[in-house]
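Read the structure below first, then the notes.
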Amino acid sequence: MDKNDMHYSEDNKFIPVTSISAHSGKEITEELYYYTNQVVNICLYGNSDNWVLIDAGMPMSAREILSVVEKRLGKGARPKAIILTHGHFDHVGATVELVRHWEVPVFAHELEIPYLTGESDYPEPDPSVEGGLVAKMSSYFPNRSTDLSGHVQALPADGTVPGMIGWRWIHTPGHSPGHVSLFREADRTLIAGDAFVTVRQDSLYKVLVQQQEVCGPPRYFTTDWKAAWESVKKLEALKPRVAVTGHGTAMAGEELAKGLAELVEDFESVAIPDYGKYV
């Protein structure tokens, strides 16, 4: 399919939210760097000759992401692929422009493909869910499918991740049907996506100041809480040394271990909302 046939959803639009971490990044290992695009993190993994992009930021962010890539990896740096943890609007915001610019494939879990090809739309975000002001604003967030038909394909069935030797993808549904997290056993580094996050994403104040705490997935978009709990249990069992999440700052060591253990233990009371249409 021609790359010009790709298109964003009809409800795609700029979302005017930000945080104190916006427009900044941090190196986790020599190869892994994450950057905060408004309130969501993208990751660059690899070196200038062989690298991939994990997630693609907020709507209207392509120019910013290309600038970050150039500063980090050099002018003309082109990834081997774009890997998506899932297809919500704040993780695919620049995909169409980036695929057109780089002419590279996009990979996602097979259960996420319908939401990336125009076949299915995500359930509408739930502004009635228990939570803070961001949750109340969520009816404004896009939920329609970005169409990457002909350019997106399923991640390899053997669990490997294209362009990321030594890593494996782990199916961590709940926040979305085909959500995946990425893990490297050698140094127990985790890219968790939104399976869990390190900021209370439904609270506008905590998002703005990036108050760090291990939290369940963003409430207003999570539709299967039983699966979300099982996914957190799966990731906690890996005993990650460091974790980069879709929202919030990276966390490591005892703070991460303690936070994840408490989240698993208290998930029903601290992560699952008391009310909302998906509870």
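Taking the stated definitions as given, is Tyr45 farther than 30 Å from Glu119 by Cβ, modelled with pLDDT of 95 or more, buried (at least 19 other Cβ atoms within 10 Å of the Cβ) and under 16 Å from the mean Cα position of the chain (by Cα)?
So Tyr45 fails the test.
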Inset, instruction - Please work out which one of (1) surrounded by fewer than 21 Cβ atoms within 10 Å (Cβ to Cβ); (2) more than 15 Å from Val152 (Cβ to Cβ) is the condition Glu103 fails and give its number. - result: (2)
Legend entry - Close pairs from region 131-146: first more than 16 Å from Gly87 (Cβ to Cβ), partner aliphatic (A, V, I, L, M) and part of a helix (DSSP H, G or I), Cβ under 8 Å, at least 6 apart: Gly132/Leu204; Leu133/Leu204; Val134/Leu204; Val134/Val207; Met137/Leu204
Inset, instruction - Could you please give the count of residues in region 238-279 that are of a type in the set (Phe, Trp, Tyr) and within 21 Å of Ile170 (Cα to Cα)? - result: 1
Legend entry - Number of the condition not met by Lys206 [criteria: (1) part of a loop (DSSP other than H, G, I, E, B); (2) touching a Gly at 6+ places or on another chain (Cβ under 8 Å); (3) among the charged types (D, E, K, R)]: (1)
Legend entry - From the options Val207, Val214, Val180, Val244, residue that is modelled with pLDDT under 95 and crowded, with 23+ Cβ neighbours inside 10 Å: Val207
Legend entry - Matching residues in region 52-78 - criterion: being acidic (Asp, Glu), under 13 Å from Ile42 (Cβ atoms) and surrounded by fewer than 21 Cβ atoms within 10 Å (Cβ to Cβ): Glu64
Inset, instruction - Among residues belonging to region 247-273 that are among the β-branched types (Val, Ile, Thr) and in a helix (DSSP H, G or I), point out the one that is farthest from Ser138 (Cα to Cα). - result: Val264
Legend entry - Those residues of region 119-145 which are in a helix (DSSP H, G or I), under 9 Å from Tyr220 (Cα atoms) and in contact with a helix residue (DSSP H, G or I) (Cβ under 6 Å, 6 or more places away or on another chain), in sequence order: Val134, Ala135, Ser138
Legend entry - Pairs, first free of Cβ contacts under 8 Å to residues at least 40 places away in the same chain in region 99-120, second assigned to a helix (DSSP H, G or I), C-beta under 6 Å, six or more apart: Ser120/Pro114
Inset, instruction - Please specify each residue of region 90-118 satisfying the condition of being in a helix (DSSP H, G or I) and of a type in the set (Phe, Trp, Tyr). - result: Trp102, Tyr115
Inset, instruction - Look at Gly276 and say whether it is assigned to a loop (DSSP other than H, G, I, E, B), buried (at least 20 other Cβ atoms within 10 Å of the Cβ), at positive phi and not hydrophobic (A, V, I, L, M, F, W, C). - result: no
Inset, instruction - Looking only at region 30-38, decide whether some residue is among the hydroxyl-bearing types (Ser, Thr, Tyr), in contact with a Leu (Cβ under 6 Å, 6 or more places away or on another chain) and assigned to a strand (DSSP E or B). - result: yes
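The values are calculated or read from the model by the stated rules, or taken from the named source; none is laboratory data. Note that the structure is predicted; figures quoted are calculated from it, not measured. Ideal geometry is used to build each Cβ from the backbone, glycine not excepted, and the neighbour counts take in all protein chains shown.
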